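Data block below; observations after.
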Amino acid sequence: MLGVHLLPLWLSFLGQATVFSGSFVAAQQCHLKVPSKNLVNSSGGLSNTAGPGITVPPSTSSPASRSVSTSSGVAPTSTSTSATTFDYNSDKIRGVNLYVESSPPWITPSVFENTNNDAITDEYTLGQLLDSKTASNILQQHWSTWITEDDFVAISSAGLNHVRIPLGYWSVPLTPSDTDGSTSVAPYTPGAWPYLLKGLEWAKKHSINVILDIHGAPGSQNGYDNSGQRTSNPVWALNPANVSRTIDTLRYIVENIGGLVDVIELLNEPAGFRGDHWAQVIAQFWLDGYDAVRQAGGAGIKVMIGDAFLGVQHEYQIFSDLELDRSMDQHVEFACTYSDSLSAYKSSNIWTIIGEWSNAMTDCAKWLNGRGVGARWDGTWSPGNSQYHGSCTNYTGSYTGFSNSYKTFLRKYWEVQVEIGENVSGWVFWTWKAENADDWSYQMGLQGGWIPQDPGDRQYPGLCS
């Protein structure tokens, strides 16, 4: 999700079926467009739309489903649906991002501190700089304890209906029969797949729908630690083998666990800003990835894409001095300005959600900008000679130090972003839990009282009116 200067994505769904014909709008939009104005939504009903859309036939097929064995566990068998019936045309997505496998250093600092090596800044260097047994032991301990069934119980009890699960390609156990390319994941540490399967079963058991998100691709799709590798030279789009492997990974997921997944996000935050070549590769990847999902039998799975950092505004307001300069009230007011751009997609019959957003008004969370990197807010990191905004004390970490006025702001900021999301198709909060950043944690927001147990509850209705 986050990296050195990463922003979030506004994400749009594409309905269930195969694309008959189409081409991409200019890279600034990254939404599928066809000459026809007709679009069939997921329930098979016909809508006339004048905006960018995708022409698809009604589908009566069930999602792909089969049983998968691994050396560490067996995938559960699923029939035709995942957690519960959800009408994406009318119901609102209310969700949280949930790392079932590994996570960036700022979400779980202890995992990286336990390596006793400051040069380990991401999963790539964790596998590169530790022997395989030590790396596996550290990660197995994390995987078996960080997310448990209790988390799914709490998520369901909080009135949430979706989890978005980030997944690195190295955790998907491709075999030579699944790809024409390499199956090596070195230097990454494999082994998280059985824990993903557990998470999918828990989601189904507790009636929670699943968005499965390819968060890390071969060669890194953006150079941020959320992709698995923090690097100034990501190469995903520069090597066709990386793109092909990502498509093979999508196909494997749909063929093997598609019956437990409601929405598959083709790739998180590819770096379209890196130039025309990257933008062109991403645009073609959206088409090829979509086709791969459908051809693998995933007619019942929704497909999600993002804007590749091109054209659509984002909701985090903490990654520049201009944003950090805003007062609490100004953060709330500025959030309201996103309604117009999101409504444009809704009016074109494109299902659109806020795929990542948080309550944070500073970048103070430990290692939010990368392991060993400070914050713009307090001047401990000054990219471009950033200015000092104040002390980080009691703006992050444990909520027990948060003032009443700050918690009032957190409630308003939560409400306004939920309001914006539910004016379109919904929202997915980042993140469910973090070790030492309660301003980013939905779980701690519930406990601290600035997030209500019922997502429909409002103390400050009409903040944007």
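The values are calculated or read from the model by the stated rules, or taken from the named source; none is laboratory data. Being a predicted model, the structure only gives us computed values, none of them experimental. All Cβ positions, glycine included, derive from the backbone under ideal geometry; neighbour counts span all protein chains shown. Note: areas computed on protein heavy atoms with side chains; ligands, DNA, RNA excluded. Shrake-Rupley method; radii C 1.70, N 1.55, O 1.52, S 1.80 Å.
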For the stretch 228-239, indicate whether the set of residues that are in contact with a strand residue (DSSP E or B) (Cβ under 7 Å, 6 or more places away or on another chain) and open to solvent by less than 20 Å² (accessible area, probe 1.4 Å) is non-empty. yes
How many residues does the stretch 416-443 hold that are out of contact with any Pro (no Cβ under 8 Å at 6 or more places or on another chain) and not in a helix (DSSP H, G or I)? 13
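Table: residues versus (1) more than 19 Å from Tyr188 (Cα to Cα); (2) part of a helix (DSSP H, G or I).
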| position | (1), (2) |
| --- | --- |
| Pro218 | no, no |
| Thr246 | no, yes |
| Arg251 | yes, yes |
| Ile264 | yes, no |
| Glu269 | yes, no |
| Gln280 | yes, yes |
| Ala283 | yes, yes |
In the list Ala237, Ala203, Ala241, Ala292, which residue meets the criterion of being of a type outside the set (Ser, Thr, Tyr), closer than 22 Å to Ile353 by Cα and assigned to a helix (DSSP H, G or I)? Ala203
Matching residues, the stretch 137-168, being in contact with an Asp or Glu (Cβ under 7 Å, 6 or more places away or on another chain) and not in a helix (DSSP H, G or I): Gly159, Arg164, Ile165, Pro166, Leu167, Gly168
When you look at Trp414, is it under 20 Å from the mean Cα position of the chain (by Cα) and open to solvent by less than 10 Å² (accessible area, probe 1.4 Å), yes or no? yes
Any chance Val303 is open to solvent by less than 10 Å² (accessible area, probe 1.4 Å), more than 22 Å from Ala241 (Cα to Cα), out of contact with any helix residue (DSSP H, G or I) (no Cβ under 6 Å at 6 or more places or on another chain) and modelled with pLDDT of 95 or more: no
Taking Ile107, is it more than 20 Å from Trp430 (Cα to Cα), outside any helix (DSSP H, G or I) and not acidic (Asp, Glu)? no
Inter-residue pairs, beta-carbon under 7 Å, first assigned to a loop (DSSP other than H, G, I, E, B) and in the stretch 115-136, second among the β-branched types (Val, Ile, Thr), 6+ apart: Thr115/Ile138; Ala119/Thr125; Leu130/Thr115
Which members of the stretch 343-388 meet the condition of being basic (Lys, Arg) and either surrounded by 22 or more Cβ atoms within 10 Å (Cβ to Cβ) or modelled with pLDDT under 85 (or both)? Lys346, Arg376
Does at least one position in the stretch 206-215 carry a residue that is in a loop (DSSP other than H, G, I, E, B) and buried (at least 20 other Cβ atoms within 10 Å of the Cβ)? yes
Taking into account only those residues within the stretch 432-452 that are more than 23 Å from Glu113 (Cα to Cα) and buried (at least 22 other Cβ atoms within 10 Å of the Cβ), which is nearest to the chain's Cα centre (by Cα)? Tyr442
Restricting attention to the stretch 83-102, which residues are of a type in the set (Ser, Thr, Tyr) and either open to solvent by 10 Å² or more (accessible area, probe 1.4 Å) or assigned to a helix (DSSP H, G or I) (or both)? Thr84, Thr85, Tyr88, Ser90, Tyr99
Name, by its number, the condition in (1) open to solvent by 60 Å² or more (accessible area, probe 1.4 Å); (2) closer than 19 Å to Ser227 by Cβ that does not hold for Thr145. (2)
Could you say whether any residue in the stretch 399-411 is among the small types (Gly, Ala, Ser), touching a residue at least 24 places away in the same chain (Cβ under 8 Å), open to solvent by 20 Å² or more (accessible area, probe 1.4 Å) and not in a helix (DSSP H, G or I)? no
